[in-house]
Amino acid sequence: MAVGGNQNLSINGLTATTITATTARPQTYTFTSPGAGQLTLTGADGTSQTLTITNMAPNETRTLDFNQLGVSVTLQTGPAGRTAAQVITDLTGPTDNTIIIQGTGNTSTLQVGANVPDTLQLEFVSMLSENLGSPAYKLGGSSGLITTLGDQVVKTIQDAHNLMSALDGAIQTLNSRRGTLGAAQNRLEHTINSLGVSVENLTASESRIRDADIAELSSDLVAQNILQSAGVAVLAQANQTPQAVLKLLQG
C-alpha cells in the first residue's frame, strides 16, 4: 500500500487516508493477525508491534499508531462502518497487507537508548563541489565557477573575489557539517560509555545478589550443624544418666 499526496487508498469499505512513516526503517512491512481483534505489523528485519482493533463506527476516522516501528496508518470507514474482524480482514488480504518504505531523504534516525523516545536524528548533506560555495556562486556543477571558467577562474579581480566568496561559503558549510557530525559522534560515544557503565553496574549487582544467596545458605548450613551437634550432645548426656544410676546401685 502506498498513498501519495491528496490520494486515498480504498480497501473494500475501508479507506486508508494517510500512511505516515517519518521514522520507520526502509523495508517492507506486512500486516498479519495473531488472533481475534489483534493486528500485527512486522518489518522484514523481524521487528513487530501488535495493536488491539475494535469496531469502527460509520464515517469514523482512526489512526493505527505503530509507534515502535515508526509507522502510522489513518483509516476511515464508509456509511456502513466496519467491524474489528472486517478491518483486520481488509488489512491482511493478500493484495493489501504490505507497506513498502523506501529509503528516500537525507535524515537517519538512530536508536541510542533503551526507551522508545531515545533516538538521535542525523541529517546528511551532500558535500559535492556543485553544492558548495556562496549563495551567488557555486564551486562545481554545470554553472559552477570551476566548470564555466576552467583554468581562468581568477583571470580578473572580480573573478578572484567570486572564487574567494565561494571558497569561504564552502569552508563554512564544511565546518558546520563537521561540527554537527562531531557533536553526534560525541553523543554516541557518551551513550556507549554510559551503557558500558550500566552493564558493569548490573553485573556487579547480580554478583552481589548471588553472593548474598550463598552467604544465606552457608549460614543455614552452620545453624543446622549446630542444632545437629546439640542434639547429639543431649542424647549422649541422656545415655550417661542410666549408667550413673547403675554404678550407684552396684556400689
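The values are calculated or read from the model by the stated rules, or taken from the named source; none is laboratory data. Since this is a predicted model, take the numbers as computed values, not measurements. Neighbour counts are summed over all protein chains in view; Cβ atoms, including those assigned to glycine, are modelled from backbone coordinates with ideal geometry. Note: accessible area is taken over every heavy atom of the protein model, side chains too, but ligands, DNA and RNA are not part of it. Shrake-Rupley method; radii C 1.70, N 1.55, O 1.52, S 1.80 Å.
Between the amide H of Thr119 and those of Val112, distances stay under 5 Å, these residues lying 5 or more places away or on another chain, with hydrogens modeled in the peptide plane. How tilted is helix 157-250 with respect to the longest principal axis of the chain? Cα atoms for both, answer in degrees (0 to 90, nearest 10). It is inclined by approximately 10 degrees.
For the stretch 132-146, 3J(HN,Hα) computed residue by residue from phi via the Karplus equation (6.51, -1.76, 1.60; θ = phi - 60°) reads 9, x, 8, x, 8, 10, 9, 6, x, x, 5, 10, x, 4, 5 Hz, glycine and proline entered as x. Summing Lys and Arg as +1 and Asp and Glu as -1 over all other residues whose Cβ lies under 13 Å from the Cβ of Thr30 gives a net charge of -2.
Once you reduce the stretch 129-191 and the stretch 196-244 to the center of their Cα atoms, the two points are 75 Å from each other. Of the options [x] 259; [y] 103; [z] 139, only one is volume of the Cα convex hull per residue in Å³ as computed from these coordinates, and that is [x]. Applying the Karplus relation 6.51 cos²θ - 1.76 cosθ + 1.60 with θ = phi - 60° to the stretch 120-126 yields 3J(HN,Hα) values of 10, 9, 10, 9, 9, 10, 5 Hz, where x marks Gly and Pro. Within the accessible area of the chain, the carbon and sulfur atoms contribute 55%, probe 1.4 Å, all protein chains present.
Calculated mean residue ellipticity, 222 nm, the chain: -16000 deg cm²/dmol, from DSSP H runs (n ≥ 4) at -39500 (n - 2.57) each, averaged per residue and rounded to 500. Note on Ala44/Asp65: beta-carbon distance plugged into 1/(1 + (r/R0)^6) with R0 of 22 Å gives a FRET efficiency of 0.60.
The residues neighbouring Ser165, those whose beta-carbon lies less than 14 Å from its own, together hold a net charge of -1 under the Lys/Arg +1, Asp/Glu -1 convention.
Take each peptide in 221-229, 136-144, count the other Cβ atoms within 10 Å of every residue, and average; sorted highest first, the result is 136-144, 221-229. A simple count of charges around Thr109, restricted to other residues whose Cβ falls under 13 Å of its Cβ and scoring Lys, Arg +1 and Asp, Glu -1, yields -1.
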